[in-house]
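For reference, the structure is listed below as structure tokens.
The values are calculated or read from the model by the stated rules, or taken from the named source; none is laboratory data. Model, not experiment: these values are computed from the prediction. FYI the Cβ positions are ideal-geometry reconstructions off the backbone, even for glycines, and counts take in every protein chain you see. Surface areas here come from the heavy atoms of the whole protein model, side chains and all, with no ligands, DNA or RNA. Shrake-Rupley method; radii C 1.70, N 1.55, O 1.52, S 1.80 Å.
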Amino acid sequence: MPSIKSPDSIVQDSQDLIQKIKNLITQAVKAEFDGKPSDHPLIFVNAIKNIIGDDREQPSLKLLDLSEKYINQFSSRENENQIIDKIIKKGFGLTVFVDDVEEAIMYGNKETAELETAKQLLASDKSPAILEFLTELALYDIDSLGLFTYHWLRSYNFHQEKEILWSYCRTMVNEIFKVHLQKQFHTTTLKPHDHISSFLNKYNKEIIPTFSAMNRLWNEEYVRIESYKRSISSWLEKTQYAEKIEAANSDELENYIENGGSYFIDLAELIVDNHQLNVAIQKIAELEGLRGIAKNASPEYFPIISQCINFTTS
């Protein structure tokens, strides 16, 4: 995959920054990745996008350079459009049912799942609605797929280009087939916001990014949002956590929430300075999760969030 070269400086034009981030996202979504869904490079690239967005006029070159260095480690998938081109050539028949995608996935037939997903995409004139449907399926396993699914879905909302939709679909199908999906059932509607204090402690920092992702997804506007909420409620119902809460001074966090600024950018750069690449990647993803929680939390939670930030940046 061709490398994306970072300029020594970025022209003070938000369109330049947007295009650079889109290029990084494109590399990430087309990457050949065999690791865990929770480690997918798309998560990190989207996390960097969110953090850098706090100062678009003077974007952090250190974070952009780290993104470039990391994403260029991955090669691109081969024959990316082979299935799409084949269907276009042969046609996809008179009827296409989205249920055929779910059936292929639930029965573990990856080749058929890709084929039916491609048919659905073409039959809908490349509508992003297929992404919402795949999200619904992926959220059957939030522990494994929740973090990836959120960043995958939100990164496309930033990208908004039909020509990359197939790469998004293929990436999700690939990640789904790394786990075994089972439909979730619940009896009570549980809201992530009501569980913030339970998740925010040093013993649960490994699942904070996933919790943050589900907390944000809960408040998004999607056609299938009620289905997403059912899966999130089921996940909250079964998730175990330690009941130990710590606190720290939260003045800097409070100032950021009230006035904006480079607080999280500075913290992310500090992580880059003090840690090796792979460690920094994980810590920045966690930091972005804490940023997401803070932006949706009431002030009473700021001391706990600040303590978690201390653990993350140490």
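Would you confirm, using the coordinates I've provided, whether L147 is of a type outside the set (D, E, K, R), part of a helix (DSSP H, G or I) and over 24 Å from E288 (Cβ atoms)?
For L147, the condition - of a type outside the set (D, E, K, R), part of a helix (DSSP H, G or I) and over 24 Å from E288 (Cβ atoms) - is not met.
How many residues does the stretch 8-29 hold that are open to solvent by 70 Å² or more (accessible area, probe 1.4 Å) and at pLDDT 90 or above?
Here is the first cut: in the stretch 8-29, the residues open to solvent by 70 Å² or more (accessible area, probe 1.4 Å) are 8-9, 11-12, 15, 19.
Remaining after also requiring at pLDDT 90 or above: 19.
Residues in the stretch 8-29 being open to solvent by 70 Å² or more (accessible area, probe 1.4 Å) and at pLDDT 90 or above: 1 in total.
Quickly run through the stretch 228-269 and pick out the residues that are within 13 Å of I51 (Cα to Cα) and either free of Cβ contacts under 8 Å to residues at least 60 places away in the same chain or touching a helix residue (DSSP H, G or I) at 6+ places or on another chain (Cβ under 6 Å) (or both).
Taking the stretch 228-269 and keeping what is within 13 Å of I51 (Cα to Cα), we get 256, 260-269.
Y256, S262, Y263, F264, I265, D266, L267, A268, E269, listed by residue number.
Determine if the stretch 181-198 includes at least one residue that is out of contact with any Cys (no Cβ under 6 Å at 6 or more places or on another chain), crowded, with 16+ Cβ neighbours inside 10 Å, closer than 20 Å to E114 by Cβ and in contact (Cβ under 8 Å) with a residue 60 or more places away in the chain.
Yes: one or more hits.
Quick check on N219: is it in contact (Cβ under 8 Å) with a residue 40 or more places away in the chain, open to solvent by 80 Å² or more (accessible area, probe 1.4 Å) and farther than 29 Å from A138 by Cβ?
Values: in contact (Cβ under 8 Å) with a residue 40 or more places away in the chain: yes; open to solvent by 80 Å² or more (accessible area, probe 1.4 Å): yes; farther than 29 Å from A138 by Cβ: no.
It is false that N219 is in contact (Cβ under 8 Å) with a residue 40 or more places away in the chain, open to solvent by 80 Å² or more (accessible area, probe 1.4 Å) and farther than 29 Å from A138 by Cβ.
For residues that are assigned to a loop (DSSP other than H, G, I, E, B), open to solvent by 40 Å² or more (accessible area, probe 1.4 Å) and of a type in the set (K, R), tally how many sit in the stretch 68-124.
The qualifying residues number 0.
Return the residues of the stretch 125-170 that are buried (at least 20 other Cβ atoms within 10 Å of the Cβ), over 18 Å from K30 (Cβ atoms) and among the small types (G, A, S); say none if nothing qualifies.
Matches in the stretch 125-170: A138, S144, G146.
So which residues in the stretch 193-252 are in a helix (DSSP H, G or I), modelled with pLDDT under 90 and of a type in the set (D, E)?
E237
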